[in-house]
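Worksheet: one structure, shown below.
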Amino acid sequence: MNTEQLKQEIIDYSKEIGIDKIGFASADVFGELKERLKRQQSLKYQSGFEKGSVEERTEPQRLLPEAQSILSIAIAYPTRMENAPKGTKEDRRGIFARASWGIDYHVVLRDRLEKLSAFIQEKVPDVQNKVMVDTGELSDRAVAERAGIGFSGKNTAIITPEFGSFVYLGELITNIPFVPDEPVEDSCGDCTKCLDACPTGALVQGGQLNAQRCIAFLTQTKDFLPDEFRTKIGNRVYGCDTCQVVCPRNKKIDFHIHPEFEPENEIAKPKLKPMLRISNREFKETYGHIAGSWRGKKPLQRNALIALAHFRDETAVEEIIAVLTNDPRPVIRGTAAWALGKIGTEKAYEAIKSAMEKEQDEQVLYEMEKGLDFEKELSLK
């Protein structure tokens, strides 16, 4: 088998099926990453969404015993929305991060990688391949960095020379010994714009992220959002793009190459009030095809309540009261009580006081007290 010729055939085919960039890496142990992950664990910086042990995430042979190479792919996604809808005082809007615009990228990248795997199998019938996209054990970024897709920026994103950091990543482990590509030189230099701009200080230092403070992670949690972050998420209902948007390497980057990733404006920037009353069926029909739906509607509804509080949207008081009164989920009732207090109308405070008389859940009662504390603060001014 001529691996150099096969490599070129794979590169050519990857372009035919809509892969914007492909790189080849060795399947050696990711030693530096292993130490970094252990450090992350000891500092409790992990999100909890990571799959597999540290060893599985850094030793490709644990996933494919005969692994010799890893193919890394990158697909660009858009950063700007045409005719983006604007919120009004009567209809405030939230925002999904760009990585959740269009069809769920896991689906799209897996399709591309499966086609790539099938192509290789046609050429080498006894090949062993394993495909992974984001939810696999390997670190997409570590593989992409080793494969020369881009360098790992201080914002922990892979920054490509062509598409900036607005790319989705996936990989294919194989037992074919390809000649690896050269890594891309790090060019962050002295720039610290992403560290300076992070709303919660989640970027502890260049290239190190405390996921527990990252808004992108926090918007996906299902419990009560810690108080210190409620004023930080603004109108984000899913994800955060700040550290990418401020990056000089992303200036003027906006690629509309793949129709699958074009934003549906009313979904990417949804009206907040309708999100509060959406049924499970409506949620699945409206949002089920996007990446931001993977945790279900609960985190998004909690974030929508916080966003309405951020806007101090008095037009939403009636609907938030309905949530406070009728929703069976403590996190949603409690967040509704806090939001009403933050909005701060007389009717909102009366609703909290009335609901307190029937509420049994200790955490919800605590949130109600916090909501009423806003009234006390106003009376002291």
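The values are calculated or read from the model by the stated rules, or taken from the named source; none is laboratory data. Treat the numbers as computed from the prediction; the structure is a model and nothing was measured. Cβ atoms come from the backbone with ideal geometry, glycine included; neighbour counts cover every protein chain shown.
Restricting to region 56-108, name every residue that is under 28 Å from Arg36 (Cα atoms) and of a type in the set (Lys, Arg). Steps first, answer last, please.
Filtering region 56-108 down to residues under 28 Å from Arg36 (Cα atoms) leaves 56-76, 97-100, 105-106.
Once the filter is applied, which keeps residues that are under 28 Å from Arg36 (Cα atoms) and of a type in the set (Lys, Arg), region 56-108 yields Arg57, Arg62, Arg98.
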Exercise. Would you mind telling me which numbered condition in (1) of a type outside the set (S, T, N, Q); (2) without any contact (Cβ under 8 Å) to a residue 24 or more places away in the chain; (3) within 25 Å of Leu300 (Cβ to Cβ) Arg236 fails?
Key: (2)
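Residue by residue through region 21-61, note down the ones that are among the charged types (D, E, K, R), over 30 Å from Lys252 (Cβ atoms) and either in contact with a strand residue (DSSP E or B) (Cβ under 9 Å, 6 or more places away or on another chain) or in contact (Cβ under 8 Å) with a residue 40 or more places away in the chain (or both). Spell out how you get there, then give the answer.
Taking region 21-61 first, the residues among the charged types (D, E, K, R) are 21, 28, 32, 34-36, 38-39, 44, 50-51, 55-57, 59.
Now restrict to residues that are over 30 Å from Lys252 (Cβ atoms): 28, 32, 34-36, 38-39, 44, 50-51, 55-57, 59.
Arg36, Arg39, Lys44, Lys51, Glu56, Arg57 - these are the residues of region 21-61 that are among the charged types (D, E, K, R), over 30 Å from Lys252 (Cβ atoms) and either in contact with a strand residue (DSSP E or B) (Cβ under 9 Å, 6 or more places away or on another chain) or in contact (Cβ under 8 Å) with a residue 40 or more places away in the chain (or both).
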Quiz item: Among the residues of region 77-114, how many are surrounded by fewer than 17 Cβ atoms within 10 Å (Cβ to Cβ) and of a type in the set (D, E, K, R)?
Solution: 8
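Could you pull out the residue among Glu114, Glu122, Glu137 that is modelled with pLDDT under 95, over 17 Å from Phe24 (Cβ atoms) and outside any strand (DSSP E or B)?
That would be Glu137, the only listed residue that is modelled with pLDDT under 95, over 17 Å from Phe24 (Cβ atoms) and outside any strand (DSSP E or B).
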Quiz item: For region 317-364, how many residues are within 20 Å of Glu377 (Cβ to Cβ) and not hydrophobic (A, V, I, L, M, F, W, C)?
Solution: 11
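Any residue that is under 30 Å from Gln205 (Cβ atoms) and either without any contact (Cβ under 8 Å) to a residue 40 or more places away in the chain or part of a loop (DSSP other than H, G, I, E, B) (or both) - is there at least one of those in region 81-93? Quick ask: steps written out before the conclusion?
In the first step, residues of region 81-93 are kept if they are under 30 Å from Gln205 (Cβ atoms); the result is none.
Scanning region 81-93 turns up no residue that is under 30 Å from Gln205 (Cβ atoms) and either without any contact (Cβ under 8 Å) to a residue 40 or more places away in the chain or part of a loop (DSSP other than H, G, I, E, B) (or both).
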Exercise. Could you please give the count of residues in region 90-114 that are farther than 24 Å from Ile158 by Cα and either among the basic types (Lys, Arg) or touching an Asp or Glu at 6+ places or on another chain (Cβ under 7 Å) (or both)?
Key: 2
Quiz item: Can we say Ala144 is under 16 Å from the mean Cα position of the chain (by Cα), on the phi < 0 side of the Ramachandran plot and modelled with pLDDT of 95 or more?
Solution: no
Self-check item: Residue in region 354-381 that is surrounded by the most Cβ atoms within 10 Å (Cβ to Cβ), counting only those that are touching a helix residue (DSSP H, G or I) at 6+ places or on another chain (Cβ under 7 Å) and more than 20 Å from Leu308 (Cβ to Cβ)
Solution: Glu359
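Looking only at region 25-48, decide whether some residue is of a type outside the set (A, V, I, L, M) and in a strand (DSSP E or B). Before the answer, list the steps.
Quick first cut of region 25-48, residues of a type outside the set (A, V, I, L, M) only: 26, 28, 30-32, 34-36, 38-42, 44-48.
So of that shortlist, the ones also in a strand (DSSP E or B) come out as 26.
Scanning region 25-48 turns up at least one residue that is of a type outside the set (A, V, I, L, M) and in a strand (DSSP E or B).
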Practice problem: Might you check whether a residue that is within 25 Å of Glu90 (Cβ to Cβ) and not in a helix (DSSP H, G or I) occurs anywhere in region 326-333? | Solution: yes
Quiz item: What tally of residues in region 287-304 results from selecting those that are more than 19 Å from Arg329 (Cα to Cα) and touching a Phe, Trp or Tyr at 6+ places or on another chain (Cβ under 8 Å)?
Solution: 3
Practice problem: Just need a number here: residues in region 2-20 that are in a loop (DSSP other than H, G, I, E, B), touching a residue at least 12 places away in the same chain (Cβ under 8 Å) and at negative phi. | Solution: 3
